[in-house]
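Here's the structure we're looking at; comments come further down.
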Amino acid sequence: MGENFASANLGKFESLDQFVFEAPEVKIKREGKVFLKELLNLTGAEISFNKLSAHESISFYHTHQQNEEIYIFLKGTGEFQIDGKIFPVREGSIVRVDPAGERCYRNCGDTDLYLIVIQVKAGSYEGRTIQDGVAVRKRVSWEQ
Ligand code: ZN
């Protein structure tokens with residue numbers, strides 16, 4: 001941990017099973033899901049890394065109150081469902097879901113499905129990257 005940053009290494013994607021997400025109040029217990037908010041002290045987003053084994057399904061729909069979600073599929077093949085509409089997802093697929101969208105997804109393949117989910121407050125993003133960025137006027141240390 002440094003003053004202006006936090007970093008971590010989750011290990012290999014295949015080993016995401018070591019992480020177990022539990023929310024007893026809604027009877028959820030899932031291996032292969034890890035949230036990064038506490039780990040990295042995130043202040044504007046929640047991010048999770050997810051592994052679904054072959055033919056594993058998320059067996060419930062959910063919506064959000066304020067947050068939109070961005071699903072980034074890294075490997076594997078699956079199906080995504082939003083408000084009854086079903087479409088295929090695979091490596092390279094990215095899906096944004098409005099807070100009210102009733103969503104779930106599943107792994108349809110014979111291999112693991114890996115994805116990252118980013119949760120941010122809908123409508124909260126103000127400055128685009130290039131307007132928010134500030135150039136630091138000094139030489140990059142490893143190029144000296
Ligand atoms: Zn969600």
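Are there trypsin sites (Lys or Arg not before Pro) in segment 108-144 that DSSP puts in a loop and that have at most 10 other Cβ atoms within 10 Å, and which ones? Present the calculation step by step, with values, prior to reporting the outcome.
Working: sites: Lys121, Arg128, Arg137, Lys138, Arg139; in loops: Arg128, Arg137, Lys138, Arg139.
Of the trypsin sites (Lys or Arg not before Pro), the ones in loops of segment 108-144 whose Cβ has at most 10 other Cβ atoms within 10 Å are Arg128, Arg137, Lys138, Arg139.
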Residues with amide H under 5 Å of Glu56's amide H, sequence separation 5 or more or different chain, H placed in the peptide plane at 1.01 Å from N; which?
Asn107
Taking the chain, how much of its Cα-Cα pair set, in percent, is spaced more than 22 angstrom apart?
48
Among the lysines, which fall within straight-line cross-link reach of Lys29, defined as a Cα-Cα distance under 30 Å, with same-chain neighbours fewer than 8 residues apart omitted?
Lys12, Lys37, Lys51, Lys75, Lys85, Lys121
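Per the Cauchy relation, a quarter of the hull surface: what is the mean projected area of the convex hull of the alpha carbons in segment 104-144, in nm²?
Numbers: hull surface 27.4 nm².
The number I arrive at for segment 104-144 is 6.9 nm².
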Given DSSP loops and a limit of at most 10 other Cβ atoms within 10 Å, what is the longest stretch of the chain that contains no such GluC sites (Glu not before Pro)?
4-125
Diffing segment 106-123: the Karplus 3J(HN,Hα) column from phi (6.51, -1.76, 1.60, θ = phi - 60°), in whole Hz with x for Gly and Pro, holds 8, 8, 9, x, 8, 10, 5, 10, 10, 8, 10, 10, 10, 10, 9, 5, 4, x
Would you compute, from DSSP H runs of 4+ residues alone, the mean residue ellipticity of the chain at 222 nm, taking -39500 (n - 2.57) per run and dividing by the full residue count, rounded to the nearest 500?
-1000 deg cm²/dmol
Amide H contacts under 5 Å for Ile28, placed H, 5+ residues apart:
Ala23
If you rank His55, His64 by fewest surrounding Cβ atoms within 10 Å, what's the result?
His55, His64
Using Cα pairs closer than 8 Å and at least 6 residues apart in sequence, work out the relative contact order for the chain, in percent.
23
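Each reported figure results from applying straightforward, stated rules to the coordinates on display, with no laboratory input. Just so it is clear, the structure is predicted and the values come from calculations on it, not from any experiment. Reconstructed Cβ throughout: ideal geometry from the backbone, glycine too, with neighbour counts over all protein chains shown.
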